[in-house]
Amino acid sequence: MGAAAQPLTGAPAAEALLEEAARRAAALPAAPHLALVRVGDDPASVAYVRGKAKKATQVGLSSQVHALPEATAQAEVLALLAALNADPAVSGILVQLPLPAHLNPETILTAVDPRKDVDGLHPVSTGRLWTAQAGLRPCTPAGVMALLAFYGVPVAGRRAVIVGRSALVGRPLAALLLNADVTVTLAHSRTPDLGAVTREADLLVVAVGRAHLVTPEMVKPGATVIDVGINRVPTEDGKGRLTGDVHPAVAEVAGALTPVPGGVGPMTVAQLLMNTVLAAETQRQEAAGELVR
Ligand code: NAD
């Protein structure tokens, strides 16, 4: 048995981010406002939206849940978004995914004003990220960057491998790391000999959604390993438990490792609230003529 990796626990890093969001929100003339749009009654979405609204209140933001019935027509969702875009009291708009099958998520996400795109998933936000312009960044990848910064993990000049190329996690994280002077490799389901690629990483990020995909022999000794994956695996009591994409034995090889649950997870909501504050700050500057866009 080797030495155990340093656990990069999310709670204190998320707490620091929430404190910063609260401090900056309090410095604004009005509390930033987060509009949460939910369509249908998917139980996980109901719980996520409720959790986001509760955390928003904790850091001094105002929020409103716009719950629309499952059968809502796309034109009605777009009309709500147009009203929220036009309302100067609304700082940020989050459309909870997944949407019911009759709605087109691309059309709906693109209808959010990029200035209020606190999810950071609008194509304009993506373009700004990849061209290293200021803008709102997707919450999970930005949360990973905040976690690394909180623990003082050096990134500039290092080699990172990200496993997973989704628009939600892998791709935007690649851009964020690139902007932070990291040499980045994106690996995915069609990467041959994944282990040979991951073993090159000083910083290995796994965002796949497959329990224990990454095993100790795939990890360079001393590497920092960030496990974004969330998988429910069966247990004898039938309740199931959450586990990551990284095998627990990786702790014997890695220098540092995020736990699942309790690693990257708490960073995502904290970053959403930080994004709402950032959006409100930028809108205030624009309204005051201090920022021309
Ligand atoms: P996704 O399904 O959109 O993408 C998965 C990616 O993994 C794809 O790019 C695919 O190419 C790659 N992949 C699949 N099988 C592979 C294999 N065998 N080897 C290498 N790569 C493979 O998923 P996503 O939305 O990016 O989410 C990934 C995971 O992260 C999920 O478990 C999800 O629950 C979790 N997640 C966690 C948070 C959080 O807040 N902690 C946020 C978002 C997603």
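Every read-out reported here was derived from the displayed coordinates using simple, explicitly stated rules and does not represent laboratory data. The model shown is predicted, which means the values in this text are computed figures rather than measured ones. Glycine gets a Cβ as well: all are built from the backbone with ideal geometry, and neighbour counts include every protein chain shown.
Here Gln64 meets the list (1) touching a helix residue (DSSP H, G or I) at 6+ places or on another chain (Cβ under 6 Å); (2) outside any helix (DSSP H, G or I) almost entirely, failing just condition (1). Among residues that are surrounded by 14 or more Cβ atoms within 10 Å (Cβ to Cβ), of a type in the set (A, V, I, L, M) and not in a loop (DSSP other than H, G, I, E, B), Ala16 is included. Away from the ligand (no atom under 16 Å from the Cβ), closer than 22 Å to Thr268 by Cβ and not β-branched (Val, Ile, Thr), is that true of Asn231? So Asn231 does not fit the description; no. Among residues of the range 158-182 being near the ligand (Cβ under 8 Å from one of its atoms) and without any contact (Cβ under 8 Å) to a residue 60 or more places away in the chain, the one that is farthest from the chain's Cα centre (by Cα) is Arg165.
Taken over the range 15-60, the criterion of being in contact (Cβ under 8 Å) with a residue 40 or more places away in the chain, among the aliphatic types (A, V, I, L, M) and in contact with a strand residue (DSSP E or B) (Cβ under 8 Å, 6 or more places away or on another chain) is satisfied by Leu34, Ala35, Leu36, Val37, Val39, Val49, Ala56. Would you be able to tell me the number of residues in the range 266-293 that are among the aliphatic types (A, V, I, L, M) and not in a helix (DSSP H, G or I)? Here the count works out to 3. Filter the range 100-119 for residues that are assigned to a loop (DSSP other than H, G, I, E, B) and in contact with a strand residue (DSSP E or B) (Cβ under 8 Å, 6 or more places away or on another chain) and give the result. Answer for the range 100-119, where residues must be assigned to a loop (DSSP other than H, G, I, E, B) and in contact with a strand residue (DSSP E or B) (Cβ under 8 Å, 6 or more places away or on another chain): Pro100, Leu103, Val112, Asp113, Val118, Asp119.
Of all the numbered requirements in (1) part of a loop (DSSP other than H, G, I, E, B); (2) among the charged types (D, E, K, R); (3) crowded, with 18+ Cβ neighbours inside 10 Å, Glu70 misses one, and that requirement is (3).
Regarding Ala27, is this residue closer than 30 Å to Pro100 by Cα and either out of contact with any helix residue (DSSP H, G or I) (no Cβ under 6 Å at 6 or more places or on another chain) or surrounded by fewer than 17 Cβ atoms within 10 Å (Cβ to Cβ) (or both)? Against the criterion (closer than 30 Å to Pro100 by Cα and either out of contact with any helix residue (DSSP H, G or I) (no Cβ under 6 Å at 6 or more places or on another chain) or surrounded by fewer than 17 Cβ atoms within 10 Å (Cβ to Cβ) (or both)), Ala27 does not qualify.
Taking the conditions (1) within 25 Å of Gly157 (Cα to Cα); (2) under 22 Å from the mean Cα position of the chain (by Cα); (3) among the polar types (S, T, N, Q); (4) within 16 Å of the ligand (Cβ to nearest atom) in turn, Thr191 satisfies each one other than (2). Among the candidates Ala47, Ala56, Ala35, Ala4, the residue that is surrounded by fewer than 17 Cβ atoms within 10 Å (Cβ to Cβ) and within 20 Å of Val95 (Cβ to Cβ) is uniquely Ala47.
On inspection, Val144 qualifies as within 21 Å of Ala223 (Cα to Cα) and within 14 Å of the ligand (Cβ to nearest atom).
When Leu257, Leu273, Leu213 are checked against the criterion of being in contact with a strand residue (DSSP E or B) (Cβ under 6 Å, 6 or more places away or on another chain) and aliphatic (A, V, I, L, M), Leu257 stands alone in meeting it.
One residue stands out among those in the range 194-211 that are assigned to a loop (DSSP other than H, G, I, E, B) and buried (at least 17 other Cβ atoms within 10 Å of the Cβ): the one that is farthest from the ligand (Cβ to nearest atom), which is Asp202.
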